[in-house]
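Novice: Structure provided below as structure tokens; questions to follow.
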Amino acid sequence: MNKVAKLASLTAGQWGMVTTAQAKVLGVSRLDLSRMERDGVIERLAQGVYRDAGVPSDGFEGIRVAWLSIDPKHTAEERLRKVPDDAVVCLESAAWMLGVGDFVPEPYRFSTPRRRQTQRPDLRLRTRRYPSRSVQIISGLPVTTFEQTVADLVEGGTDVSLIQDMLLEEFVRRSGKLDRKQLARLLAPLAKRHGFAPEDGKAMVAELMGPVDDRIGETLRDALQVLSERFEPLRNFMQNSPANINVDAIADALMQIPESTQLFVERVQSDKENPGTSGPVPADTSDGAHSEEPSTPEEGTAS
């Protein structure tokens, strides 16, 4: 098997990419890689990371390169078998991977179970091991779950309004289903620091979700009003419903109607693009309860 074929056997399983350290294990030297780059067989993406020139790039290329560089000797397949005992995308980078909120992925943020350092200016590492329940695979990378990402951002002092936007978008994406109990469990250790009773994660969730539920309730009522013109049961409900809608109950019923889901999504999108049309949303409803004290996990850089 020639050296190009050896690399191809590896790159096929990790987005067309290979590291210098992985190539060395296959008997392909740095000089060989330089020649392949010169001949247009591979492209250099970053120091020590190359991609098969025949494989197109995509929006996740940068964060995949960063992840590979944290442990360049082991293959993606080997590392994914170790999850969560490996680097996990977290914080703002995780929110970006999840597709919620107004976050950018750079600098790429990862948690590692053991302290690591890096020279890369676009990479931030912290030391933390997540339980398996808090990690999922997205586009081939280990990423913190939505609930874990929210808890991490709260711990790190992220602006509350940005987190509330995340919660609203996730509500829409899950058709009204948010795991508030899991979120409360994850926020419980932070409660005392943010001015709540010790371990009272439920109160933290209530404060975070208050403005979100208000926006959801208003939007649901608008959707119900439009739909009641077409559905007799909803017309009766609107005529007899109390002023305060039980958000979870109504959302669960309303989202069973395809037309209502589309109306709801369109209204939420309109709110985001024209923030004042449905009434102001407080940027921070904490009244001092949520300090913006940054978390103290170790951050550093990986070779």
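The values are calculated or read from the model by the stated rules, or taken from the named source; none is laboratory data. For clarity, every value in this text was computed on a predicted model and none was experimentally measured. With ideal geometry, Cβ positions are generated from the backbone for all residues, glycine too; neighbour counts draw on all protein chains shown. Side chains included, ligands, DNA and RNA excluded: accessible areas come from the protein's heavy atoms. Shrake-Rupley method; radii C 1.70, N 1.55, O 1.52, S 1.80 Å.
Novice: If I ask for residues that are among the aliphatic types (A, V, I, L, M) and within 13 Å of the chain's Cα centre (by Cα), which ones from the stretch 131-161 would you list? Lay out the reasoning, then the answer.
Specialist: So in the stretch 131-161, the residues among the aliphatic types (A, V, I, L, M) come out as 135, 137-138, 141, 143, 150-151, 153-154, 160.
If the condition is that a residue be among the aliphatic types (A, V, I, L, M) and within 13 Å of the chain's Cα centre (by Cα), then Val135, Ile137, Ile138, Leu141, Val143, Val150, Ala151, Leu153 are the ones that fit.
Novice: If you don't mind, there's one more thing I want to ask. Tell me the strands (runs of 3 or more DSSP E) entirely within the stretch 121-221 that contain at least 2 residues that are open to solvent by less than 10 Å² (accessible area, probe 1.4 Å), touching a Phe, Trp or Tyr at 6+ places or on another chain (Cβ under 7 Å) and free of Cβ contacts under 8 Å to residues at least 60 places away in the same chain. Don't jump to the end; show me each part of the working.
Specialist: Values: elements: 123-127, 135-138, 141-144.
In the stretch 121-221, no matching strands (runs of 3 or more DSSP E) lie anywhere.
Novice: Which residues, counting only those in the stretch 98-117, are surrounded by fewer than 19 Cβ atoms within 10 Å (Cβ to Cβ) and either among the charged types (D, E, K, R) or out of contact with any strand residue (DSSP E or B) (no Cβ under 6 Å at 6 or more places or on another chain) (or both)? Spell out the reasoning first.
Specialist: So in the stretch 98-117, the residues surrounded by fewer than 19 Cβ atoms within 10 Å (Cβ to Cβ) come out as 99, 102, 104, 106-107, 113-115, 117.
Answer for the stretch 98-117, where residues must be surrounded by fewer than 19 Cβ atoms within 10 Å (Cβ to Cβ) and either among the charged types (D, E, K, R) or out of contact with any strand residue (DSSP E or B) (no Cβ under 6 Å at 6 or more places or on another chain) (or both): Gly99, Asp102, Val104, Glu106, Pro113, Arg114, Arg115.
Novice: Being touching a Leu at 6+ places or on another chain (Cβ under 7 Å) and among the aromatic types (Phe, Trp, Tyr) is the filter; apply it to the stretch 104-161 and report the residue that is farthest from Phe196 (Cα to Cα).
Specialist: Tyr108
Novice: Within the group Arg79, Arg44, Arg38, which residue is open to solvent by 60 Å² or more (accessible area, probe 1.4 Å) and in contact with an Asp or Glu (Cβ under 8 Å, 6 or more places away or on another chain)? Walk me through it before giving the result.
Specialist: Working: Arg79 fails: open to solvent by 60 Å² or more (accessible area, probe 1.4 Å); Arg38 fails: in contact with an Asp or Glu (Cβ under 8 Å, 6 or more places away or on another chain).
It is Arg44.
Novice: Please state which of the following conditions Arg35 fails to meet, knowing it meets all the rest: (1) among the basic types (Lys, Arg); (2) over 30 Å from Glu155 (Cα atoms); (3) touching a strand residue (DSSP E or B) at 6+ places or on another chain (Cβ under 9 Å).
Specialist: Failed condition: (3).
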